[in-house]
Amino acid sequence: GKGRYAERVTFDRQGRRVSFVPPFVTLTFAQSVDGSISASDGSAVAISGEASMCMTHHLRARHDAILVGVGTVKKDNPSLTVRLCSGPNPRPVVLDSSLSCPRTSRLVASPICLRPILAHTATRLEVKDI
């Protein structure tokens with residue numbers, strides 16, 4: 001088929017045919033007129049309006065995953081669930097180089113949230129049960 005989700009074909013290093021569907025990615029964020037995304041002291045501040053928040057939740061419902069950094073998890077403790085419309089929750093993916101995502105965070109502890117994928121760096125293979 002053709003279109004956004006069309007299968008693509010390429011070849012690996014050994015010359016074998018490999019087919020895949022590339023990911024559909026959307027970047028969203030809110031910032032103030034001066035380019036800030038938080039108050040000067042680093043605290044969270046409501047930047048988006050009601051219409052923007054509804055759009056954000058509709059986007060969540062249409063995507064398989066939602067990516068955040070571990071700093072966001074530690075500072076804001078988000079649930080990253082779909083609440084302002086109907087639809088499935090996206091899988092949280094947390095960029096966490098040192099595996100420091102708190103076990104008490106909503107993403108880990110709440111039964112409403114899908115269990116997150118922790119993307120990290122390691123000098124050896126490690127598995128951390130959260």
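The values are calculated or read from the model by the stated rules, or taken from the named source; none is laboratory data. Quick caveat, the model's predicted, so the values are computed rather than measured. Cβ atoms come from the backbone with ideal geometry, glycine included; neighbour counts cover every protein chain shown. For accessibility, only protein heavy atoms count, side chains too; no ligands or nucleic acids. Shrake-Rupley method; radii C 1.70, N 1.55, O 1.52, S 1.80 Å.
Counting pairs of Cα atoms in segment 1-79, how many percent are more than 16 Å apart? Every Cα pair in segment 1-79 considered, those over 16 Å come to 69 percent. Taking amide hydrogens as placed 1.01 Å from N in the peptide plane, the amide H of Leu67 sits under 5 Å from those of Val93, each at least 5 positions away in sequence or on another chain. Put simply, segment 24-130 fits an ellipsoid with semi-axes of 24, 18, 13 Å; these come from the alpha carbon gyration tensor as the roots of five times its eigenvalues, largest first. Local charge for Leu114 was computed over the other residues whose Cβ lies under 12 Å away, with Lys and Arg +1 and Asp and Glu -1, and equals +3.
About its Cα centre, the dipole of the chain is roughly 600 debye, where the only charges are +1 on Lys and Arg Cβ and -1 on Asp and Glu Cβ. Couplings 3J(HN,Hα) for segment 98-105, derived from phi with the Karplus relation 6.51 cos²θ - 1.76 cosθ + 1.60 (θ = phi - 60°), are 10, 6, 10, 4, x, 5, 8, 5 Hz, where x marks Gly and Pro. Take 91-101, 15-25 and order them by the average number of nearby Cβ atoms within 10 Å per residue, most first; the result is 91-101, 15-25.
Counting Lys and Arg as +1 and Asp and Glu as -1 over every other residue whose Cβ lies under 10 Å from the Cβ of Val68, the net charge comes to -2. Convex hull volume of the C-alpha atoms in segment 54-111, normalised per residue: 78 Å³. On the beta carbon distance between Ala46 and Ser100, with R0 = 25 Å, the FRET formula returns roughly 0.40. DSSP beta bridges confined to the chain are antiparallel in about 35 percent of cases. Taking only protein heavy atoms and a 1.4 Å probe, the accessible area of segment 16-96 is 56% carbon and sulfur. Set against the 2.2 N^0.38 Å expectation for a compact globular protein, segment 46-86 has a Cα radius of gyration ratio of 1.21.
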